[in-house]
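*Asks:* This structure is in structure tokens; I'll ask about it shortly.
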Amino acid sequence: MPQAGKNGNKYVPYEERKGNESIVYFTRDISPEGMMKAYEKVKEKMTGKVAVKLHTGEQNGPNFTPASWVKEFMEKELPDATIVETNTYYVGDRDTTEKHRKTLEVNGWTFCPVDIMDEEGTVNLPVKGGKWFTEMSHGSHMVNYDSLFVLTHFKGHAMGGFGGANKNIGIGCADGKIGKKWIHASETNAWGTVEEELGEKFTESTKATIDYFGENVTCVTLMRNMSVSCDCEGVAAAPVVTPNVGILASTDILAIDSAAVDMIYAMTEAEHHDLVERIESRHGLRQLSYMKELGMGNDRYVLIDLDNDEKRIVAKDAVKDLKPFVRIKP
């Protein structure tokens, strides 16, 4: 059997990283307008039939990206795109297509088509260079799209440490009954995969997805309402204690997740204590190192401040003027 890596609980400071740099754009404007500002910088390859992968949330969840924001954004930027999701592995409000459709309605995702990609079966896509999988099972409708826009709500995660762009598509595009089971289950336990192994497995699922779409992948990440809980926990999510930061955009999935994590670590101890504890206790940082090992991008980046004449900044300067947290209801 393959062996999981180590040190997924050890943060690597930027100055200790090696390799090329990618571009990550940043704005403090957490709004539909801010989403548009960020997206405009990275939208060049969003061509043909575009899939928008985001977390539509459990019923009445308090923290997922508001449907009204996405509606305003898509009407301006991606009027012909389709939101895509897959059913869940866990039993809940989204584990069957029928229940999933009801949850979408409750949460306001009624303004454009929503494709539950595993509604009509699965498709296996190759995992190049993986050690756990040679292929991953995805919703069969994935291959109906030409481009993938990864719209992510950054937050913690009970098993993966944090949920960034990698988790959004690594778990979110795997189908509910086969792919997600491969990722989560061990030989003896339906939820037995943990820590480094779990991070590696869903990173390999992500790699299958981005290899399929090639250069036609772009990412925008919202750093707001960042509970230690995933949006899959719905109304049971832990209270938000981490300050809002802003919005990131990049065509490099590793760079954007690295930048988001760096911004969390650049906060004060009081501001980031809970989220850092969640990331490190679940060895979530293994997501970043494994993406780099698989050649999925760069963990070094140029951070461009869209609010200040597109000047180059560093994570600590991006978060130095954090405003007190105010929960924004969907």
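*Asks:* Find me the longest stretch of the chain that has none of the exposed GluC sites (Glu not before Pro), where exposed means in a DSSP loop (not H, G, I, E or B) with at most 15 other Cβ atoms within 10 Å.
*Replies:* In short, 216-309.
*Asks:* Something else now. Could you list which residues have their amide H under 5 Å from that of CYS230, counting only those 5 or more apart in sequence or on another chain, with H placed in the peptide plane?
*Replies:* ALA158
*Asks:* Determine which lysines satisfy two conditions relative to LYS41: a Cα distance under 19 Å, and not lying fewer than 8 residues away in the same chain.
*Replies:* Partners within reach: LYS53, LYS76, LYS311.
*Asks:* Compute the relative contact order of region 130-192 as a whole-number percentage, counting only Cα pairs closer than 8 Å that sit 6 or more residues apart in sequence.
*Replies:* Numbers: 44 pairs, mean separation 18.5, N = 63.
Reported relative contact order: 29 percent.
*Asks:* For region 23-52, which trypsin sites (Lys or Arg not before Pro) pass both filters: DSSP loop (anything but H, G, I, E, B) and at most 12 other C-beta atoms within 10 Å?
*Replies:* Answer by residue number: LYS49.
*Asks:* On to the next question. With the chain treated as a Gaussian network of Cα nodes joined by springs under 10 Å, which of SER227, SER186, SER137 yields the largest mean-square fluctuation?
*Replies:* Taking springs between Cα atoms under 10 Å, the residue moving most is SER186.
*Asks:* Okay, moving on. Based only on other Cβ atoms within 10 Å, what is the fewest-to-most ordering of ARG278, ARG101?
*Replies:* Lowest to highest Cβ neighbour count: ARG101, ARG278.
*Asks:* Pairs of Cα atoms under 8 Å, at least six residues apart: use those to get the relative contact order of the chain, whole percent.
*Replies:* About 27 percent, as a whole number.
*Asks:* Please report the antiparallel percentage of the DSSP beta bridges confined to the chain, to the nearest 5.
*Replies:* 50
*Asks:* Ordered by residue, what ³J(HN,Hα) values in Hz, to whole numbers, does region 243-255 give under the Karplus form 6.51 cos²θ - 1.76 cosθ + 1.60, where θ = phi - 60° and Gly and Pro are x?
*Replies:* Residue by residue, region 243-255 yields x, 5, 10, x, 10, 10, 8, 6, 9, 10, 5, 5, 4 Hz.
*Asks:* Once phi is turned into ³J(HN,Hα) by the Karplus curve 6.51 cos²θ - 1.76 cosθ + 1.60 with θ = phi - 60°, what whole-Hz value does each residue of region 262-271 show in order, with x for glycine and proline?
*Replies:* Listing the rounded values in order: 4, 5, 5, 5, 7, 6, 6, 4, 5, 6 Hz.
*Asks:* Here's something else I'd like to know. With +1 assigned to the C-beta of every Lys and Arg and -1 to the C-beta of every Asp and Glu, and no other charges, what is the dipole magnitude of the chain about the Cα centre in debye, to the nearest 20?
*Replies:* On the way: 39 positive and 50 negative charges, 54 e Å.
It comes to approximately 260 debye.
Read-outs throughout are calculated quantities, based only on the coordinates presented, and are distinct from any laboratory measurement. Note that this is a predicted model, so its numbers are computed, not measured. Glycine also receives a Cβ, built like all others from the backbone with ideal geometry; neighbour counts cover every protein chain displayed.
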